[in-house]
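Inspection log for the structure reproduced underneath, given as structure tokens.
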């Protein structure tokens, strides 16, 4: 074999001779002699076809793709505001993006590229959000929204302040790492979520939901936390705090107006345990009571375990609070929020059942003589529920599983949770 001249033979006697000739600007490969047997004609055709696609068809296709590329999104401030509120961004960044636990964003001149980087590869402790949670259009909308807001002169107060000295370590850490701004002082929401999987809710399961949250909830409100910035050793202490406080049965209770037959109105109460069947926590020793609005009279009911219409004061269970009544005072001499004095006035329709099992739905009806109650939205920042006027304080209470940690070791409380047992408020379901 000589330099610059190569002779190769393949198994089907195809001979390819290539002669290289050096020229001024480099090397040019020249095909000197190419013998292809008849039997190899199909292979030669494939080769020619491939070269055609690479040199002719692909560039044409690329030009078509460029011509039909998606236009740059045009941001809409109102859409950005709606997303901001629905996603509860204000819980960390302030209602007007003036900054609170998280940095200020109002009128800082942030570009869409900067906002996208902060969402996909965030700074500090913020979780990372994926395309299915925050799209390119939404990023443009947020940028437009921020530009309409007044520039902040100073940061606003945290939604939830740091727990006082002497609070459990896990509670102090969850506040320091921002968990409590959404999930509140006792982490009642994630404790409810962990109760939904019950037997599977070990630390490995919990940590996966924190670091790889969008695998299970690709459109959820929370992103994926970084293990570098929220270390596993910190997460373990937070998990232990929730374990000590107790996982909660994930009970939901909603009331809906049924068909009205003058002069009566029938309301349907639906209870649902959102846990995984055979895995999640059951609510046990359950008491259900619906307040009878002033001026209305009891007519009839359906559903197992009805105990009659009783004075609420006789029942001995404090009515639920639909929304958090207060926050930790951020002044130099802070005062913890106090639970308002319960209103035991009026009468309630009462049912008692042994349990609401994981994944179980139970339905009850209450027919009253009188006008249909009006629905109103519960006051408060961010997304809030709705209730029927006159039904405030209607409650589903269960004795087990109940609160494991209360005063005196836990003084910074979620005032919606009782000191014993557990409960949820009955809210108004979306009406058809």
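Values in this text are rule-based calculations from the coordinates and carry no lab data. None of these values were measured; they are calculated from a predicted model. Note that we place each Cβ from the backbone using ideal geometry, even for glycine, and neighbour counts take in every protein chain shown.
Quick notes on this structure:
- Residue 419-residue 298 FRET efficiency (beta carbon distance; Förster radius 22 Å; 0.05 resolution): 0.10
- Exposure proxy ranking, count of Cβ atoms within 10 Å, fewest first, for 148, 266: 148, 266
- One compactness figure for the range 345-412 is 1.50, namely its Cα radius of gyration divided by 2.2 N^0.38 Å.
- Over the range 248-377, volume per residue of the alpha carbon convex hull, in Å³: 150
- Net length gained if the chain between residue 285 and residue 323 were fully extended (0.36 nm per residue, minus Cα distance): 11.2 nm
- Spin-label model distance (nm) - residue 131 vs residue 409, 7 Å beyond Cα toward Cβ: 4.8
- Sorted by Cβ neighbour density within 10 Å, fewest at the top, the residues 262, 104, 141: 262, 104, 141
- Each label point was placed 7 Å from the Cα along the Cα-to-Cβ direction; for residue 260 and residue 339 their separation is 3.6 nm.
- Once the convex hull of all Cα atoms in the range 67-204 is built, its volume per residue stands at 147 Å³.
- Extension gain, residue 386 back to residue 212 (0.36 nm per residue minus Cα-Cα distance, nm): 59.4 nm
- The range 169-245, Rg to Rh (Cα coordinates; Rh as Kirkwood inverse mean 1/r): 0.92
- Cut-off 16 Å (backbone N to label point 7 Å along Cα→Cβ of residue 120), residues of the range 71-105: 72-73
- Gain in span if fully extended, residue 113 to residue 78, counting 0.36 nm per residue against the direct Cα distance: 10.6 nm
- Directionally averaged projected area (convex hull, Cα atoms, the range 77-148), nm²: 4.1
- Footprinting exposure proxy for 375, 139 (fewest neighbouring C-beta atoms within 10 Å first): 375, 139
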